[in-house]
Amino acid sequence: MKRILLSTLVSVLALTLSQAQNTRDHNFEVAKQLETFNAIYRNLDLMFVDTLNAEEVIGNGINAMLRSLDPYTEYYPASKKDDLKAMLTGKYAGIGALIRYHQKLKRVVIDEPYAGMPAAEVGLKKGDIILQIDDTLMTDKTVSYVSEHLRGDAGTSFVLKIKRPTTGKEMKFKITRRNIQLPEIPYYGLREDGIGYINLTTFVGEPSKPMRRAFVDLKQRGAKSLILDLRGNGGGSLAECIDIVNLWVPKGLTLVETRGKIARANSSYTTRLEPVDTLMPIVVLVNGETASASEITSGSIQDLDRGIIIGTRTYGKGLVQIPNIQLPYNGNLKLTTSKYYIPSGRCIQAINYRHSGGGYSEERVPDSLTHVFHTLHGREVRDGGGVTPDIEVKPDTLPNIAIYLDRLDSTEVMFDYVTEYIAKHQQIAAPTEFHLSDAEFADFKQRVIESGFSYDPVSEKRFEELVKVAQFEGYYEDAKPEFEALKAKLKHDIASDLDRNRETLCQLLEQDIIMAYYYQAGVVESGLLTDKQYLEAVRLLNNPEEYQKLLKGE
């Protein structure tokens with residue numbers, strides 16, 4: 001027994017000494033590298049041929065160091081405090097409008113004034129060309145430059161000079177900046193068959209408050225089930241998503257645990273309020289842009305068998321950041337400190353970040369290396385790749401011509417058509433009833449043809465690649481007639497392509513037009529009419545037996 005005890009003590013002592021040596025080695029290496037960095041900069045500052053900007057040069061070094069870790073660890077010097085505030089609160093001071101670069105005009109223009117914000121209140125319209133802000137010309141400036149000058153301290157005023165392209169008139173507006181925060185819930189409503197619908201776009205700020213109000217309102221209006229739309233929701237506050245899930249699950253449940261290297265990074269998050277409704281059937285809509293706090297919400301509802309998830313696999317962000325570590329001279333550090341684990345015990349982080357001398361590399365966790373966990377009632381779920389929906393429904397993809405017209409068209413024919421349509425119509429029908437007529441689409445089609453619009457069809461590119469491979473392998477000459485016939489069929493005709501994709505193009509045009517009159521709420525409401533994922537959620541909620549079988553894993 002004495003020999004065993006002595007052997008154990010020797011082993012523990014050896015391990016302790018080894019750990020102490022490793023700590024000393026690590027601390028020495030840190031001190032050495034910091035001293036080397038300081039020495040390099042002192043020599044640069046003393047002898048480099050040009051005078052150095054210390055904030056820029058050292059800031060670049062700091063940012064390069066952080067970029068070698070992961071995409072979420074970031075440094076905010078005092079000069080970027082407004083960016084940090086906007087990230088944490090979702091608020092900034094400005095005019096409340098989305099701007100963009102008009103490729104044909106080579107100017108920055110108003111794209112979307114937000115409802116109830118200064119830009120909309122003074123009468124700015126989609127397409128207005130920004131000419132001048134106070135005494136500063138904006139006619140040859142970038143979007144970021146113009147945006148920076150539109151923003152400022154709340155309460156400050158400036159004179160904005162614009163040109164309205166539909167009339168050719170130059171106009172001046174005195175605008176007072178104020179704190180801008182986009183609505184966390186741009187639209188909610190009681191839909192057909194007593195189904196409530198809530199579109200939640202962010203967890204930044206305090207979205208749990210309007211979320212509770214919206215849900216209670218829907219219940220009072222007779223909602224018997226709920227569709228929670230988290231598509232495109234990039235996340236935000238972990239505490240806020242706990243309070244939102246708490247609307248539908250009991251008080252005292254631990255929904256999330258965070259685990260990191262140090263004790264302060266380890267926490268548990270438990271529901272703290274009495275729920276509003278623990279029985280109402282719920283469907284959560286998700287997609288590849290549903291991330292972070294949105295994944296905690298959807299993943300917790302899935303793990304607790306509280307609802308059904310419909311859509312496509314979520315982004316897979318299972319990392320947690322401390323957003324405001326104080327640094328000297330009013331700087332801040334947003335730092336990844338832990339991973340989070342939802343009720344089943346899984347972490348849905350989809351990417352491993354491997355660190356190397358040149359930065360980090362991304363390695364997506366393959367499905368074969370994920371692990372099985374179980375929901376409250378025994379359904380299988382997996383870690384390592386976001387939240388996989390219970391029912392996968394892929395949305396319709398945009399045809400190539402629609403992508404070019406909507407995003408890549410240098411003639412800007414779609415943007416200009418919408419701008420002119422708005423100028424000619426003081427009002428339009430309700431979002432769910434508004435549609436372009438045959439004559440209006442014919443007018444748009446003619447404008448596209450006359451504009452000289454062209455695009456690169458994917459099929460033609462693939463055909464050219466096939467021809468090169470066939471020529472290389474010696475098959476082309478024997479099959480030349482077939483290749484020529486196929487080439488003739490693949491040669492695109494703009495007019496026929498527009499007719500073939502009329503339904504999709506009309507939807508894009510209608511949503512842009514609706515935005516000008518009914519803002520984001522109208523666009524969301526009108527989009528539900530043809531939304532495959534939403535329609536599948538409605539179908540499921542109207543089939544309670546199928547809903548219950550899915551929850552039980554049958």
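None of the figures in this text is laboratory data; all of them are computed from the coordinates on show. Bear in mind that the values here come from a model prediction, so they are computed numbers and not experimental data. Because the Cβ atoms are built from the backbone with ideal geometry, glycine has one as well, and the counts that use them run over all protein chains shown.
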Under-5 Å amide H pairs with residue 225, H placed in peptide plane, nonlocal only: 196
Centre separation in Å (Cα based) which lies between region 364-393 and region 192-217: 27 Å
DSSP bridge orientation in region 194-313 - percent antiparallel, rounded to nearest 5: 20 percent
Highest to lowest packing among 94-100, 199-205, 117-123, 67-73, scored as the average C-beta count within 10 Å: 199-205, 94-100, 117-123, 67-73
Additional length obtainable on full extension of the chain from residue 329 to residue 45, 0.36 nm per residue less Cα span: 100.2 nm
Gain upon complete extension [residue 410, residue 55; 0.36 nm per residue less C-alpha separation]: 124.0 nm
Trypsin sites (Lys or Arg not before Pro) within region 257-297, DSSP loop, no more than 10 other Cβ atoms inside 10 Å: 261
Leading residue at positive end of dipole, region 248-389 (Cβ point charges), from 345, 360, 370: 360
Within-15-Å neighbourhood charge of residue 191 [Cβ basis; K, R +1; D, E -1]: -3
Under 13 Å, Cβ to Cβ, from residue 464 - net charge with Lys/Arg +1 and Asp/Glu -1: +2
By average C-beta atoms within 10 angstrom, highest first, the peptides 488-500, 23-35, 156-168, 289-301: 289-301, 156-168, 488-500, 23-35
Per-residue [θ]222 nm for the chain (sum of -39500 (n - 2.57) over DSSP H runs n ≥ 4, rounded to 500): -12500 deg cm²/dmol
Relative contact order, percent, region 330-370 [alpha-carbon distance under 8 Å, six or more residues apart]: 24 percent
Relative contact order %, region 190-261, counting alpha carbon pairs below 8 Å whose residues are six or more apart: 40 percent
Region 21-146 - convex hull of alpha carbons, volume per residue in Å³: 188 Å³
Cα-based helix-to-principal-axis angle, 532-541 vs the chain, degrees rounded to 10: 70 degrees
Spherically averaged projected area of region 279-384 from its Cα convex hull (nm²): 9.2 nm²
Virtual spin-label span in nm between residue 259 and residue 28, 7 Å along Cα→Cβ: 3.3 nm
Among (1) 71, 63, 39; (2) 98, 76, 72; (3) 106, 44, 44, the entry that matches Cα extents along the principal axes in Å as calculated here: (2)
Nearest 10 degrees, 0 to 90: helix 438-451 Cα axis against the chain principal axis: 80 degrees
Within the chain, percent of DSSP bridges classed antiparallel, to nearest 5: 80 percent
Interatomic Cα distance distribution for region 156-270, bins of 10 angstrom, percent: 11, 28, 24, 18, 14, 5, 0
Computed label-point distance, nm, for sites residue 272 and residue 369 using a 7 Å Cα→Cβ extension: 3.8 nm
Listed peptides 227-234, 302-309, 206-213, 106-113 by packing density, highest first (mean Cβ within 10 Å): 227-234, 302-309, 106-113, 206-213
Region 367-493 - charge dipole about Cα centre, Lys and Arg +1 at Cβ, Asp and Glu -1, debye rounded to 20: 120 debye
5 angstrom amide H check on residue 107, placed H, neighbours 5+ away: 102
Relative contact order computed over the chain (Cα-Cα under 8 Å; 6+ residues apart), in percent: 12 percent
Partner lysines for residue 81 [C-alpha distance under 19 Å; skip if fewer than 8 residues away on the same chain]: 91, 334
